[in-house]
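Below is one structure; the comments refer to it alone.
Any read-out appearing in this document is the output of simple, stated calculations on the displayed coordinates, not a laboratory observation. If you're wondering where the values come from, they're calculated on a predicted model, not measured in any experiment. Here the Cβ is made from the backbone with ideal geometry for all residues, glycine too, and neighbour counts use every protein chain on show.
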Amino acid sequence: MKRLLDLKLKCAAVVVAALAFSQVAEAEALPADFAVDSVITLGELSVTAIKYGEGFNNKAITSTSIGKNEVERYRIYSFKDVSAMVPNFFIPDYGSRMTSSIYVRGQGTRIDQPVVGMNIDNVPLLTKENYDLDLLDIERVEVLRGPQSTMFGRNTMAGVINVSTLSPFNYQGLRAVLSYSSGNTYKAGLSVYRLFNEKLGMSLAGQYTSTDGFFDNGYNGRDLDWERQGDGRMKLQWRNLEGLRIDNVLSFSISRQGGYPYESASTGEINYNDTCFYRRANISDGLTVELSRDRYTMTSITSYQYLDDNMTLDQDFLPISYFNLTQKRREHALTHDLMFKSPEGSDRPYSWLAGFFGFYKRTLMDAPVTFKDDGIKGLIEDNCNRYNPVFDIAWDTRRFVLNSDFKTHNFGLALYHQSTYKLNRWTFAAALRLDFEYNGLDYRSWCNTGYSAYVKHTSIEMFHKDVDIDDTGSETKTFLQLLPKVSATYNFDTPQPISVFASVAKGYKAGGFNTQMFSDVLQQRLMSFLGVGAEYNVEDIISYKPETNWTVEAGVHAECFGGRIRTDLSAFYIHTTNQQLTMFPDGTTTGRMMTNAGKSRSYGVEATIKASPIDRLSVSASYGFTDARFIEFDNGQENYSGNFIPYAPKNTIFAAVNYVLPVNRSWLGSIALDAHVRGVGEIYWNETNDEKQPFYCLPGASVTFSGSHYSLELWGENLSDTDYRTFYFVSIGNAFFQRGKPLTIGATLRLNI
């Protein structure tokens, strides 16, 4: 407790010091990063604006919007960079870009489908392995918290992230970014924006990122978390100035990285002998068409997504040859969202929205597990010979493969509707979604190997046995959900906008299949040849149920002093059934599986404030608190009821102050000073709650020199060089963790021509 209090006091001290020493002023009359970041310009088509209308200050929605100025100030290139900036929104940075775990209000999971949906320029990403992308020229990031399943469907039970990139209708010219920082990390990006006429605009953007990382493998002294990544985007936008708008965004990304700097908890060393890496290539294309008429607005969003990736792991993470896993995947996905709604700005008290959504996803996966000498001896031969009094066994080879191939095919269909009625200062809304999903799996698991039996403690061979296993099968699951939401908002009769709201909504996350457990099924089948294997029922362990929740939420949106202060407060209670959790099976197995806890609940509060008390000074702060626990969770061996849900932080804190000093020279217009701090914790690492990461703070600061066509930012993160953990797990009886990034300093040059 004392350590937690000391850390919180340090966080507070950083914020107070930043406020005390901010003594500068901005060259422009508008408050820096305040009003400008709240503007939604006509060049954009945002899926959240399409479904909810522009602005959230008078709606029953808890949201955070991060504008272009903040995006550049805090060097936001991917969704991980907004972690803890948004209350109760946490994204741990561990493993590789394949790992895109998101935790919101006590909800989240490490593998398979997320609890938060993500849209990039209106393209809904169906696979979380596509989430962790670097994007150039982000114009706005919106994070909607709470169930969004009624409007956005599956896997949005905790919220939606919407990212919009810069439009050629909002900027014309050339932009460039060059950055260098600790870990021999550099980034170079170039983008061009052009309007051919008042109707047609186009942009091209590309960037390259390289880093050597911060962690080395003690086994061979090589960099572990190195990465090389390239990204590109082409955006084409057309307006006929009579209500028709068409946007098409084509993007690609290629990433090669090491990753997985997992440190042994017993030795304090990162030390393993086999190579780990993650490789990914993806392409997406999204077409948005909006047609506005006097009586309705029609919007069509169609996308295609392709993913080709390869994860290879030394799965024991030890300097011995146990086993490694390779998971190769190729995935094609199609989505279509068709919406009709009443026109914006109408004086009529009733408004409506209705839509249809459909998707199809097909995945081919190859996931072999290769057993090596130490794994064969320690996991198979020793186990058998220890309990067999008659003979010893010896495997034919010191290396064999457990092969697994999968083909999954998913499709879903949904109808949704929302009606909104305004009665004096009240606004009432009711929405309903009918969501159907089909999930099919075709699998084949096979192994060809063999062993010899010898008289106990001798070299006299008794017999030889071939082990030939070839299992094939198919599994299907269908899910049907009704997802309602009702809300009420009251707008006070005050000079500045003040509103209170309350809502009740059902959230939903689809069920699926535990493909990573097939290697364990095959391993136990192999062990059964020796009389020591456990019997796994494939139907019982490979599937898991959908997760559903009900959320009750109430809050306040308020502005005062001419919009110089904006505040959002909210409180929530969530009851979850069949919460999906990632578990490592007991013993010396190789896989991990998704399971369903019985029931859980979480409650908490969130607060955000943005203020500009005087011109050229902006201050922002956010705080989120969540108490998330199991109500019913008994796995047959232990009862975890009452324990905290693992991986979800209890507290998130973000505070920042920015002051801009006008210089007004021909070569230098202003100098901006920024100080900020992120705080997260405590985080429990397992269901037993006997391992945890205490609360920690990461202070940062920057100074930016800006001219008419450039800015140079000198910055630092984790200035206290805080030692903290981002991940902890146990595999084959050994505990491992990953440390967070240490003190990092860098410089970023931006050009606007």
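Data overview
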read-out: Convex hull per residue volume in Å³, alpha carbons only, for region 554-686; value: 154 Å³
read-out: Helix 518-528 vs. the chain, principal-axis angle (Cα, 0 to 90°, nearest 10); value: 10 degrees
read-out: Greater than 28 Å apart at Cα, pairs in Lys361/Lys509; Lys80/Lys506; Lys509/Lys741; Lys341/Lys506; Lys51/Lys235; value: Lys509/Lys741
read-out: Computed helical MRE - 222 nm, the chain, DSSP H runs ≥ 4 contributing -39500 (n - 2.57), nearest 500; value: -2000 deg cm²/dmol
read-out: Sites Thr472 and Asn184, calculated FRET efficiency, Cβ-Cβ separation with R0 45 Å, nearest 0.05; value: 0.40
read-out: Under 18 Å from the Cα of Lys422 - aspartates and glutamates, other chains or at least 8 residues apart; value: Glu54, Glu344, Asp347, Asp493
read-out: Amide H contacts of Asn734 (H built 1.01 Å from N, under 5 Å, at least 5 apart or other chain); value: none
read-out: Degrees separating the helix 2-20 axis from the principal Cα axis of the chain, which is the longest one; value: 30 degrees
read-out: Proportion of all alpha-carbon pairs of region 2-752 beyond 50 Å (%); value: 16 percent
read-out: Interchain or long-range residues, amide H under 5 Å from Lys692's placed H; value: Trp685
read-out: Spacing of the two label points (7 Å from each Cα toward its C-beta) at Thr722 and Leu334, in nm; value: 4.8 nm
read-out: By average C-beta atoms within 10 angstrom, highest first, the peptides 740-749, 397-406, 470-479; value: 397-406, 740-749, 470-479
read-out: Coarse-grained scattering of region 368-413 at q = 0.17, 0.20, 0.22, 0.31 Å⁻¹, given as base-10 log I(q)/I(0) from a Debye sum over alpha-carbon atoms; value: -0.59, -0.71, -0.79, -1.09
read-out: Volume per residue of the C-alpha convex hull in region 100-258, rounded to whole Å³; value: 133 Å³
read-out: Ratio Rg/Rh, restricted to region 206-298 and using Cα atoms, in which Rh is the Kirkwood radius; value: 1.33
read-out: Integer Hz, Karplus 6.51/-1.76/1.60 couplings in order for region 258-271, x for Gly and Pro; value: x, x, 6, x, 8, 9, 5, 5, 7, 9, x, 10, 9, 7
read-out: Cleavage-rule hits, trypsin sites (Lys or Arg not before Pro), region 248-307, DSSP coil, Cβ neighbours within 10 Å at most 16; value: Arg293, Arg295
read-out: Ordering of 644-654, 127-137, 211-221, 298-308 by burial proxy (mean other Cβ atoms within 10 Å per residue, highest first); value: 644-654, 127-137, 298-308, 211-221
read-out: In order through region 403-411: 3J(HN,Hα) via Karplus (6.51 cos²θ - 1.76 cosθ + 1.60), integer Hz, x for Gly, Pro; value: 8, 9, 10, 9, 10, 10, 9, 10, 8
read-out: 23 Å tail of the calculated P(r), region 351-475, as % of Cα pairs; value: 61 percent
read-out: Karplus-derived 3J(HN,Hα), 6.51/-1.76/1.60, for each residue of region 106-121, Hz, glycine and proline x; value: x, 10, x, 8, 8, 10, 6, 7, x, 9, 10, x, 9, 10, 10, 6
read-out: Whole-percent pair-distance distribution, where bins are 5 Å wide, for the alpha carbons of region 241-291; value: 5, 13, 14, 11, 10, 8, 8, 8, 6, 6, 5, 4, 2, 0
read-out: Listed peptides 153-160, 194-201 by packing density, highest first (mean Cβ within 10 Å); value: 153-160, 194-201
